[in-house]
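Engineer: Structure in structure tokens, see below.
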Amino acid sequence: MIVNVDENRKETADALARFVPNLIVTHPLAPLDNLALYRQIGDAFGKTREAEALCSRFEFAFRETEKRKFPQRKVLYLIWKDPWMTVSRDTYVSRTLALFGLRTLPEASDARYPKISLEEPWLKEVEFVLLSSEPYRFQEKHQDEISNSLNKPVTFIDGEMTSWYGSRAIAGLGYLSDFSSML
């Protein structure tokens, strides 16, 4: 069984470990963590050749990303409403966006997924607001609400392409390259 630190409580993982013979706990914090993840899962399932093929594809996409120069922009990446929530800089999402010049705000937070108010003083630094498609499904009414509250450009972003690590991360690099070029 595969569990994730951000998605599953420790108590749940501990309970599962009592009766599941093999429990894999994942916690990628940066895009390059995908390489170890591919290998760990490949080893666990006897698919090392397939895992190495994923590593090669990811490494190629990552190198292509590194070759490009993206303008640096400060963004607010929202993941939830009621309360409004965003991502801290020590998350996979934030570090992935940073590859494309998209620097998440706030700059510092004690929480990995901080709750925020639309009156935060640091919001004046935001250049773009990104509404993720997951875990919360933002709609046009939310786009209008944020735009009216913050007077900033607001756009939707595919949360699967920014936060789902593993094999989807390869497509995510291509998606984010195109996305950031359109901002």
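The values are calculated or read from the model by the stated rules, or taken from the named source; none is laboratory data. Since the model is a prediction, treat every value here as computed from it, not as a measurement. Backbone-built Cβ (ideal geometry, glycine too); neighbour counts: all protein chains shown.
Engineer: Just to be sure I understand, how many residues within region 44-95 are over 19 Å from the mean Cα position of the chain (by Cα), under 28 Å from Pro135 (Cα atoms) and of a type in the set (S, T, N, Q)?
Structural biologist: 0
Engineer: With respect to the numbered conditions (1) under 20 Å from Pro28 (Cβ atoms); (2) modelled with pLDDT of 95 or more, which one is the sole condition not fulfilled by Lys115?
Structural biologist: (1)
Engineer: Could you list all residues from region 44-57 that are part of a loop (DSSP other than H, G, I, E, B) and either closer than 15 Å to Ala171 by Cβ or basic (Lys, Arg) (or both)?
Structural biologist: Lys47, the sole residue that qualifies.
Engineer: Another question, if that's okay. Within region 117-144, track down each residue that is over 17 Å from Glu107 (Cβ atoms), in contact with an Asp or Glu (Cβ under 9 Å, 6 or more places away or on another chain) and not hydroxyl-bearing (Ser, Thr, Tyr).
Structural biologist: Of everything in region 117-144, those that are over 17 Å from Glu107 (Cβ atoms), in contact with an Asp or Glu (Cβ under 9 Å, 6 or more places away or on another chain) and not hydroxyl-bearing (Ser, Thr, Tyr) turn out to be Leu118, Glu134.
Engineer: Among the residues of region 144-162, which ones are free of Cβ contacts under 8 Å to residues at least 60 places away in the same chain and in contact with a Ser or Thr (Cβ under 8 Å, 6 or more places away or on another chain)?
Structural biologist: Matches in region 144-162: Pro153, Val154, Phe156, Asp158, Glu160.
Engineer: Name the single residue that is nearest to Trp84 (Cα to Cα) among those in region 121-169 being assigned to a strand (DSSP E or B) and of a type in the set (Ser, Thr, Tyr).
Structural biologist: If we take residues in region 121-169 being assigned to a strand (DSSP E or B) and of a type in the set (Ser, Thr, Tyr), then Ser132 is nearest to Trp84 (Cα to Cα).
Engineer: Name the residues in region 17-43 that are in a helix (DSSP H, G or I) and either surrounded by fewer than 14 Cβ atoms within 10 Å (Cβ to Cβ) or under 19 Å from the mean Cα position of the chain (by Cα) (or both), would you?
Structural biologist: Asp33, Asn34, Leu35, Ala36, Leu37, Tyr38, Asp43
Engineer: Would you check if there is a residue in region 141-158 being within 19 Å of Ala30 (Cβ to Cβ), outside the structural domain of Arg39 (by TED's automatic domain parsing) and not polar (S, T, N, Q)? Walk me through how you get there before you give the answer.
Structural biologist: If we filter region 141-158 for residues that are within 19 Å of Ala30 (Cβ to Cβ), which is where we start, we get 157.
Pick out the ones that are also outside the structural domain of Arg39 (by TED's automatic domain parsing) and you get 157.
Among the residues that remain, those that are also not polar (S, T, N, Q) are: 157.
Within region 141-158, one or more residues are within 19 Å of Ala30 (Cβ to Cβ), outside the structural domain of Arg39 (by TED's automatic domain parsing) and not polar (S, T, N, Q).
Engineer: Name the residue that is nearest to Arg137 (Cα to Cα), counting only residues in region 37-88 that are in contact with a Lys or Arg (Cβ under 6 Å, 6 or more places away or on another chain) and of a type in the set (A, V, I, L, M, F, W, C).
Structural biologist: Met85
Engineer: All but one of (1) of a type outside the set (Lys, Arg); (2) assigned to a helix (DSSP H, G or I); (3) out of contact with any strand residue (DSSP E or B) (no Cβ under 7 Å at 6 or more places or on another chain) hold for Phe179; state the number of the condition that does not hold.
Structural biologist: (3)
Engineer: Next question. Within region 103-120, does at least one residue satisfy the condition of being touching a residue at least 60 places away in the same chain (Cβ under 8 Å) and assigned to a helix (DSSP H, G or I)?
Structural biologist: No, region 103-120 contains no residue that is touching a residue at least 60 places away in the same chain (Cβ under 8 Å) and assigned to a helix (DSSP H, G or I).
Engineer: When region 20-70 is examined, which residues are found to be under 13 Å from Gly166 (Cβ atoms) and of a type in the set (Ser, Thr, Tyr)?
Structural biologist: Thr26, Tyr38
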